[in-house]
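Q: Got a structure here, written out as structure tokens. Questions coming.
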Amino acid sequence: MAGNTLGKLFCVTTFGESHGPAIGCVVDGCPPGLALSEEDIQPDLDRRRPGTSRHVTQRQEADRVEVLSGIYQGRTTGTPIALLIRNEDARSKDYGDIAQSFRPGHADYTYFQKYGLRDHRGGGRSSARLTAPVVAAGAIARKWLAEAHGVAVRGYLSQLGDIAVPFVRWSDVAQNPFGVADLSAVARLEACMDQLRKDGDSCGARVEVVGSGIPVGLGAPLFDKLDADIAHAMMGINAVKGVEIGAGFNSVTQKGSGHGDELTPQGFVGNNAGGVLGGISTGQDLTVSIAIKPTSSIRQPRRSIDVAGQPTEVRTLGRHDPCVGIRATPIAEAMLLLVVMDHCLLHRAQCAGVSSGLAPIAASAPASIPASIPPAS
């Protein structure tokens with residue numbers, strides 16, 4: 001199976017299945033000399049892991065990361081970093097009823113058609129469980145980018161189903177199980193989730209991610225644009241069905257006189273571009289929004305077919321997130337971190353000694369970004 005590696009110089013290859021003995025990744029291309037330990041990686045995994053509240057899957061996984069290679073005496077050596085996360089609470093018997101049928105909205109049918117067989121236990125390779133190694137790799141990129149360039153990446157849940165939760169303050173995000181930036185919305189969200197569980201149904205979500213301190217000049221036309229690689233990475237997250245950068249689809253109703261971000265000696269007047277022009281970073285905040293579909297595994301009976309093509313009815317049992325978007329923010333952050341890390345190394349390789357003679361203006365620019373996304377400062 002191809003398609004398991006992300007990046008050109010900072011390469012992340014994941015392995016494992018939802019109900020196998022372990023999952024993990026190999027991170028190749030991390031510069032040597034970075035002080036790194038499992039304690040640097042674990043906090044991001046703890047934000048993503050299951051069983052952290054009654055609103056997510058109750059699968060109990062510690063998600064303790066083990067570093068198998070690439071670090072010596074507390075620093076990266078420049079060799080591949082192997083990360084392992086053991087599966088400790090898989091219940092494969094919960095999936096016995098779907099071994100010979102396909103769950104609507106899931107990857108069961110397409111995997112079977114493409115490969116002629118599939119691991120039905122928890123979705124196997126297509127499970128969102130495989131986002132854990134991505135988050136672990138993103139934590140490495142987070143530390144290097146912060147030390148090398150002062151980059152900070154953070155996000156929040158801005159919509160759950162039909163409940164929009166506009167940004168109020170960053171400090172609220174870590175203080176509630178939904179990761180929203182407004183604590184006053186939590187009661188409504190809890191009521192929504194309780195009703196979904198009662199109905200045996202699910203809903204979608206929207207997550208916003210902001211990257212600040214981004215160096216000017218990352219990305220390259222035509223086919224290695226920074227925003228194109230960001231969209232590619234974000235669409236690689238399970239259940240993501242849409243990606244917006246900057247104004248996104250709001251650009252359709254904007255006029256050119258308002259959409260184009262004017263430049264002044266003091267900085268950009270706006271950031272409808274989301275921090276990228278012509279595929280190259282402006283030095284402004286990178287602003288990314290992703291749309292996450294409703295969880296496909298629900299208890300309600302759904303029409304489907306079996307492996308012989310005959311009609312059947314499917315009800316998915318087991319432990320599932322009524323909304324996978326609740327745990328998606330650290331995953332989206334990790335994807336943005338991995339892309340920015342890769343482009344920083346690519347830029348260093350080609351343009352390390354290049355100077356335009358023009359001082360960057362974005363750092364002193366006023367924060368002006370789509371209304372739902374705050375400046376990361």
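Q: Answer with one residue from Gly211, Val252, Gln195: the one whose Cα lies farthest towards the positive end of the charge dipole of segment 178-274, charges on Cβ with Lys, Arg +1 and Asp, Glu -1.
A: Sorting the options by dipole projection puts first Gln195.
Q: Once the Cα atoms of the chain are picked out, what are the Rg and Dmax in Å?
A: Rg, Dmax (Cα atoms, Å): 21.2, 68.
Q: I would also like to ask the following. Rank the residues Arg142, Arg49 as a footprinting-exposure proxy: fewest other Cβ atoms within 10 Å of their Cβ go first.
A: Arg49, Arg142
Q: Of the listed pairs Lys143/Lys255; Lys225/Lys293; Lys8/Lys143; Lys8/Lys93; Lys93/Lys143, which have alpha-carbon separations greater than 29 Å here?
A: Lys143/Lys255; Lys8/Lys93; Lys93/Lys143
Q: Further, regarding this structure: Counting other Cβ atoms within 10 Å, which GluC sites (Glu not before Pro) in segment 1-101 have at most 15 and lie in a DSSP loop?
A: Qualifying residues, ordered by number: Glu88.
Q: Give, in nm to one decimal, the length gained when the segment between Glu147 and Leu68 is fully stretched (0.36 nm per residue of separation minus the Cα-Cα distance).
A: Stretched fully, the Glu147-Leu68 segment lengthens by 26.1 nm.
Q: Order these peptides, 217-224, 1-8, 329-336, by their mean beta-carbon neighbour count within 10 angstrom, highest first.
A: So the order, starting with the most tightly packed, is 329-336, 217-224, 1-8.
Q: If packing is taken as the average number of other Cβ atoms within 10 Å across a peptide's residues, how do 160-168, 191-199 rank, most packed first?
A: In descending order of packing, they fall as 160-168, 191-199.
Q: Of the listed peptides 261-269, 284-292, what is their order by residue-averaged count of other C-beta atoms within 10 Å, with the highest listed first?
A: So the peptides 261-269, 284-292, ranked by packing, come out 284-292, 261-269.
Q: Only loop residues by DSSP count here, and only those with at most 10 other Cβ atoms within 10 Å; note down the chymotrypsin sites (Phe, Trp or Tyr not before Pro) in segment 75-141 that meet that.
A: Here no chymotrypsin sites (Phe, Trp or Tyr not before Pro) fit, given the DSSP loop and packing criteria.
Q: On to the next question. Sort all Cα-Cα distances of segment 123-189 into consecutive 5 angstrom bins from zero, then give the percent of pairs in each bin up to the one containing the longest distance.
A: 4, 15, 17, 13, 18, 19, 11, 3, 0
Q: I need the shape label for segment 161-283. Rule: rounded when a/c is under 1.5, else prolate if a/b > b/c, else oblate, with a, b, c from the alpha carbon gyration tensor.
A: prolate
Q: May I pose another question? What base-10 log of the normalised intensity I(q)/I(0) is obtained for segment 199-258 from the Debye formula, alpha carbons as equal point scatterers, at q = 0.29 Å⁻¹?
A: One equal scatterer on each Cα of segment 199-258 leads to -1.27.
Q: Another question about this same structure. Restricting to DSSP loop positions (anything but H, G, I, E, B) with no more than 14 other Cβ atoms inside 10 Å of their own Cβ, which trypsin sites (Lys or Arg not before Pro) remain in segment 212-289?
A: Lys255
Readers should treat all values here as calculations from the given coordinates under stated rules, not as data from a laboratory. Because the structure is predicted, anything quoted here is derived from the model rather than measured. Positions of Cβ are backbone-derived with ideal geometry, glycine not excepted, and every protein chain shown enters the neighbour counts.
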